[in-house]
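The numbers here are math on the coordinates, done by the rules we state, and not lab data. All values reported here derive from a predicted model rather than from experimental measurement. Note that we place each Cβ from the backbone using ideal geometry, even for glycine, and neighbour counts take in every protein chain shown.
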Amino acid sequence: MDEGYVELVLSIVEQIPPGKVATYGDIAELIGIGGPRQVGRVMSVHGGAVPWWRVVRSNGRPVRGIEPRALELLRRDGTPLRHDRVDLGVARYHPG
DNA sequence: AATTTGACGACCG
DNA sequence: TCGGTCGCCAAAT
């Protein structure tokens, strides 16, 4: 596998197809780390190498601090957006 | 070693 | 829908 959960998180994010999104909580639960904050921390450090904009919060809102950027990238992927929010009911991707 | 911080989540009013 | 609170855990200070 790998040396730590960091690579594991990144590998999952890379598997998210265009037009779909995953939540921090889903990833955290999938790999079995303490909580979604750890996923967020990993993304803040190594997220630049993966499609970070396909990881959103549980309420469908994009990542904090970079919403404009995330929304444009999501829109480019064809992700179902409802104004400034992702339609999780349709766009939610179940990793694994 | 102790405290605060953070790309979060669930719950409550 | 919005804001406040608590729980969570690793990293930063």
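Each residue in A:Asp84, A:Asp77 was given a count of other beta-carbon atoms within 10 angstrom of its own, and listing them fewest first yields A:Asp84, A:Asp77.
Can you list the trypsin sites (Lys or Arg not before Pro) in region A:1-77 that are in a DSSP coil and have 10 or fewer other beta carbons within 10 angstrom?
Here the sparse-neighbourhood loop sites are A:Arg64.
Can you give the FRET efficiency for A:Arg76 and A:Ser11, using 1/(1 + (r/R0)^6), R0 = 22 Å, r = Cβ-Cβ distance, to the nearest 0.05? That pair, A:Arg76 with A:Ser11, gives E of 0.45.
Projecting label points 7 angstrom from Cα along Cα→Cβ for A:Ile66 and A:Glu29 puts them 2.5 nm apart. Semi-axes of the equivalent ellipsoid of chain A are 21, 13, 12 Å, computed as sqrt(5λ) over the eigenvalues of the C-alpha gyration tensor in descending order.
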